[in-house]
């Protein structure tokens, strides 16, 4: 987050001390650093340095790793004030020109300093000075990784002839089983391992996940073959939108497209929105692509890996050793010198948008990168984003359709359960309870979907109407239940605050405190009471906190060790459960009337995705959606599995109101101790075009809305407000933001606020 104004000591740290050596014959080098200041910064070197090299430089009282971006003829400041580069880090080749262009575009488009794009994109060991210092670190983390990966000669032991003979008689060949540390689905709080394991072909991840991997590629159906042929015919840059219903075999199309690119000697980047989707896809890729690209040609990159593992994946990709890179949004910044195809699975997913630091869209950067390299980019989804759908409607994207499931099973039947006149028990309707019972009798699995973790959203007192609030946020604390009475706690999902459950109401002293509403824990508890013989499993952010726990839990589902699965959005997409016959959705209406104009689009995508988990391998799949508003267009389109109809309706609404994708937006968020401070800063920022003459005619093309508090105003004792700016022309908005963002730091410094400018915000 750019600070409102750089701290005084940070300004003092900028290169400005007098150089101690002559500068008459110096070579000047421009370096990008990860600091919230306009840059890059100039340094002296003994000889010109290639753009893309990393260097260690002094920055006031600190020493930092930076990336060389240029060799200017003259420095931008007084040459006598320019410091010298301390060390050139050459343990990896310089980052390529295409990687530098990608970083420069992201910095320009998202209005961030170049160094704040480049350095955070690298694995931590590549951007830490400490990784290159000390006796152990002098060679650098990449060299140490290579040393560990190199084969080691066996140690010789002196033994007697009798011992040798005895060993020879008793020895029998035994295969040593290989194990792999399961990958996590969320970044961990435990200290990451900085050492890197030896490079080897990992064991099949689905040996742990429990899902089958086809040894022989399935025969493509007509739709799949047509899609594969159309993608093969694409020459140069072309975005291809692969719109396939859930279970239609989009992954098989990805594999055929990747095989063709690999056979041509190029690399493939395959992106998924969430970490827990990687194990199943990783196994499929290894089983299918090793024959084309060679064993060990796959690398996996995401934030759940230890530092050494991320470094290994990055280095193998940059060196060209990894021919396929499977990763989450961070992988869009991986250095891939021979990239020939980018695949973005579930391209609609909001997880592709980074929500802190550089707030980039990995999907949008993937499209730009493909354009820059003149290669195809394949966007796949059962529920494409409205932006992508509109581009396809206008002919900018090639749209390919997979209209039916790849296997013999048909799409599940969707039924709306009108809850307005029903007696509900812990959020479950009689119809849903009965349907679960029938699936149990048939030996099939059921999924109860509720996108709210915890036991209950709030604890309340019926006597005085007290409710559990977070003392640091303007939000409720959620009741979580653990083993034993002492395991219960109240937790804030915004700031992380936790507290014990009070024995009595803090306001009136009544000891009869009751949970209000329900989360996944409470539903799990109720299902255990209804079906005491059933094996029930809950998968959400609480149950998967430990490293490897998500993979282990999903393995039990695939292995048939679970009868009823209770889960949040973690289970809603990408997973192929072979025995799942029923999906029940509860509390869907909570998103229906949200303030965000994108809420209906998100709700439709979420429900369509989770519904697609049912009946993927057998006929008779069923989806029950409980709602008090069955007449809503979202639900009616779901009944027909009609994404195209929903998209037409939603786009008409967006066009009539001038909302994206028919307009382009940016969101300025301010944080301060007092809400009045934040609002005052935003009001002054809104008035900048009138108070300065720097904007010219741009003002007439930009709509600036009034500042408003956020829905959750206070988080961790910080008050927040936002200001939306909008334009019907993207270049005009970008020009406005470039001028505007240059003026904001000084304004914010006087107002004593922190600020964040987000381009193309997903939540307003």
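Each value in this text was obtained by applying a stated rule to the coordinates, not by laboratory testing. Here the structure is a predicted model, which means the values were calculated and not measured. Backbone-built Cβ (ideal geometry, glycine too); neighbour counts: all protein chains shown.
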Residue 687 versus residue 47: modelled label distance in nm, points set 7 Å from Cα along the beta carbon direction = 5.9
Under 11 Å from a point 7 Å along the Cα-to-Cβ line of residue 226: which residues of segment 615-639 have their amide N that close?
-> none
Using alpha carbon centroids, what distance separates segment 43-122 and segment 422-478, in Å?
-> 52
Anisotropy class of segment 541-626 from Cα gyration tensor, a/c 1.5 cut | oblate
The Kirkwood hydrodynamic radius of segment 69-111, taken as the inverse of the mean 1/r over all distinct Cα pairs, in Å, comes to 13.3
If you count the DSSP beta bridges with both ends in segment 219-402, what percent of them are antiparallel, to the nearest 5?
-> 5
Between residue 749 and residue 70, Cβ-based FRET efficiency (R0 30 Å, step 0.05) works out to 0.55
Mean separation of Cα pairs under 8 Å and 6+ residues apart, divided by the residue count of the chain: what relative contact order is that in percent?
-> 13
Tell me the Kirkwood hydrodynamic radius of segment 211-270 in angstroms, computed as one over the mean inverse distance between distinct C-alpha pairs.
-> 12.7
Give me the distance in nm between label points sitting 7 Å out from Cα along the Cα-to-Cβ direction at residue 534 and residue 421, one decimal.
-> 2.7
By counting other Cβ atoms within 10 Å of each Cβ, how are 740, 99, 368 ranked from fewest to most?
-> 368, 99, 740
What number, rounded to the nearest 500 deg cm²/dmol, is the helix-based mean residue ellipticity at 222 nm of the chain, given -39500 (n - 2.57) per DSSP H run of at least four residues and division by all its residues?
-> -9000 deg cm²/dmol
Stretch residue 510-residue 139 to full length: gain in nm at 0.36 nm per residue minus the Cα-Cα span?
-> 127.0 nm
How big is the shadow of the Cα convex hull of segment 664-759, averaged over all directions, in nm²?
-> 5.7
Running Debye on the chain with equal point scatterers at the Cα sites and no solvent, what base-10 log of I(q)/I(0) appears at q = 0.08, 0.09 Å⁻¹?
-> -0.76, -0.97
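Would you kindly work out the equivalent ellipsoid of segment 219-402 from its C-alpha gyration tensor and give its semi-axes, the square roots of five times the eigenvalues, largest first in whole Å?
Those come to 23, 19, 15 Å.
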Antiparallel content of DSSP bridges confined to the chain, in %, to 5 = 50
Assuming 0.692 mPa s and 37 °C, estimate D for segment 31-75 with Stokes-Einstein, Rh taken as the Kirkwood radius over Cα pairs, in µm²/s.
-> 299
Taking the Cα-to-Cβ direction at residue 407 and at residue 738 and moving 7 Å from each Cα, how far apart do the two end points lie in nm?
-> 5.3
In what sequence do 535, 369, 286 fall when counting other Cβ within 10 Å, fewest first?
-> 535, 286, 369
The residues 129, 228, sorted from fewest to most surrounding Cβ atoms within 10 Å, come out as 129, 228
In whole percent, what relative contact order does segment 11-132 give with Cα contacts below 8 Å and a gap of six or more residues?
-> 31
